[in-house]
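All of the numbers you see were taken from the coordinates with simple rules; none came from a lab. Because the structure is a prediction, the values reported are computed rather than measured. Cβ coordinates were reconstructed from backbone atoms using ideal geometry, including for glycine residues, and neighbour counts include every protein chain displayed.
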Amino acid sequence: MASSNVLVGAGAAPARITIRRIGIADLGDALRRGLDDFLAMPTHAIFLCLIYPVLGIVLARLAFGYSVLPLIFPLASGFALVGPFAALGLYELSRRREAGLDASATHAFDVVRSSSIGAISALGILFLVIFGVWLAVANAIYVADFGYAPPASLRSFLHDVLTTPAGWNLIVVGNGVGLVFAAVVLTIGVMSFPMLVDRDVGAAVALKTSIEAVALNPVTMAVWGLIVAALLVIGSIPAFLGLTVVLPVLGHATWHLYRRTVDAEGSPRPQVHSRPHRDRSGADFPINLLPWRR
């Protein structure tokens, strides 16, 4: 029964879902609403996404110290592959704000206690596998062009990539393969994760809905993918620090894009299990000061 709920949700009957046609104007509206959510909840959004620029800086440092320099670009572009899963808390904050509910930072973690968490976890594992496969493929493309020897320095690496036929081949083939991975992730993730935050429909139904939404709006979704890629590049340029703004805005905007594209009002909402209450004592200090412990 539990595995059935993960796949098809909690409803006794098939989920009633309507997918709408959307246009370029809807993308602009979703971005405006996403920016509005970010401006209304900037502390929360930065708190949730601060780990990404920090992680980027750490990965960059590791690259210079441990000869994984060729994987810096695949790692940075991997933000687009894990983004739909990483933005779960942002979807929840936008959902609560849209419904007129309290949208404090701690509510971003309500998805952990949601009855949809099994389906969300299943899709999250799928996305992590895709990310791992992308890194392996990117490394294989580099090895095919330059061999197993690590680059001698950053200067020599950039010179080889930008001025040699092998480097040009790496750029063309790597970006072409990366585009395929990005298209797959966009197709299966653009609607599935926001939908699981909103409705307890199961992983299979959420995936099917996302694929059908992209199939019904191929041009619009392709433009959305280009917008996401462009903003991620812009946010990554200053040592990934711009992602503290880009990621939350895109996360909030994706929620509003889902709301404009999918009508799932006939499907059950996920149940959020209440937090267990316990008395606190002086022995809990300073742990009891952390917001998620309140």
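So here's what we get for this one:
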item	result
Binned Cα-Cα distances of segment 80-220, short to long, each 10 Å bin given as a whole percent	11, 31, 25, 17, 13, 2
Long-range HN-HN contacts of Asp200 with modeled amide H, under 5 Å	Arg269
Charge dipole magnitude, Cβ of K and R +1, D and E -1 - segment 21-264, Cα centre, debye nearest 20	100 debye
